[in-house]
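The values are calculated or read from the model by the stated rules, or taken from the named source; none is laboratory data. Note that this is a predicted model, so its numbers are computed, not measured. Here the Cβ positions follow ideal geometry from the backbone for every residue, glycine too, while neighbour counts run over all protein chains shown.
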């Protein structure tokens, strides 16, 4: 069904140096502007962020410092981009939480007051998640074709979860999954270790994900001002940070993990405990 429009809407996506709205910068922007008559205008442009792109971020979107060093800065593009988006509603995927706020930050840094108060903001991800709910009740209906009786009782929820897992083994047997790097696999197999690996969002060292492993199997901090830095390096250069974490409202398991890392660094060099 064609989208009914009273004014243009610009669906857009950003590739950036990271996920911090206040400080990260755009390295690529792609816009599909749809007019009420159905006409589409597509503009894609790489942007020099004027700051190094972290290697782990480049590995996700494939854009490296060398790729953008000769591209215009956002400041140089801001006026023409503001004109292109003038009088447009905005749309995207996870755009209300990330893309639109970050774009507005870039405009403000360029001296342009990017006002969204009179624009409609359509976030396709939010519509998807609301219409295709990811609750246990919805999952049981989707996979098992049954209504979950006594939802939110521990026993009923636990039995339903196990039944969903068994149904998944049949539904996804031999089904391809394509990861962010384009690698194709068939990860839903009848093997608990393989299922555990596939179900992880991050390679957590502690349970909550404050400390994770990077691609070199090194423990790194996954929050706050030191996010992305090796735990050992932070504790060595800023010993008070360990003390702050130990005195703070962090889970006991997290405190156990950072204590092991600290002891390892002081007693056994680079020997791994995890």
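What the table shows:
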read-out	value
The stretch 142-201: number of residues that are surrounded by 11 or more Cβ atoms within 10 Å (Cβ to Cβ), in contact with a strand residue (DSSP E or B) (Cβ under 8 Å, 6 or more places away or on another chain) and part of a loop (DSSP other than H, G, I, E, B)	3
Filter result for residue 97 (in contact with a helix residue (DSSP H, G or I) (Cβ under 9 Å, 6 or more places away or on another chain) and modelled with pLDDT under 95)	yes
Verdict on residue 150 being over 25 Å from residue 7 (Cβ atoms), in contact with a helix residue (DSSP H, G or I) (Cβ under 7 Å, 6 or more places away or on another chain) and free of Cβ contacts under 8 Å to residues at least 40 places away in the same chain	yes
Close pairs (7 angstrom Cβ cut-off, 6 or more residues apart or separate chains): under 24 Å from residue 59 (Cα atoms) in the stretch 170-199, in a helix (DSSP H, G or I) anywhere	180/60; 187/194; 187/198
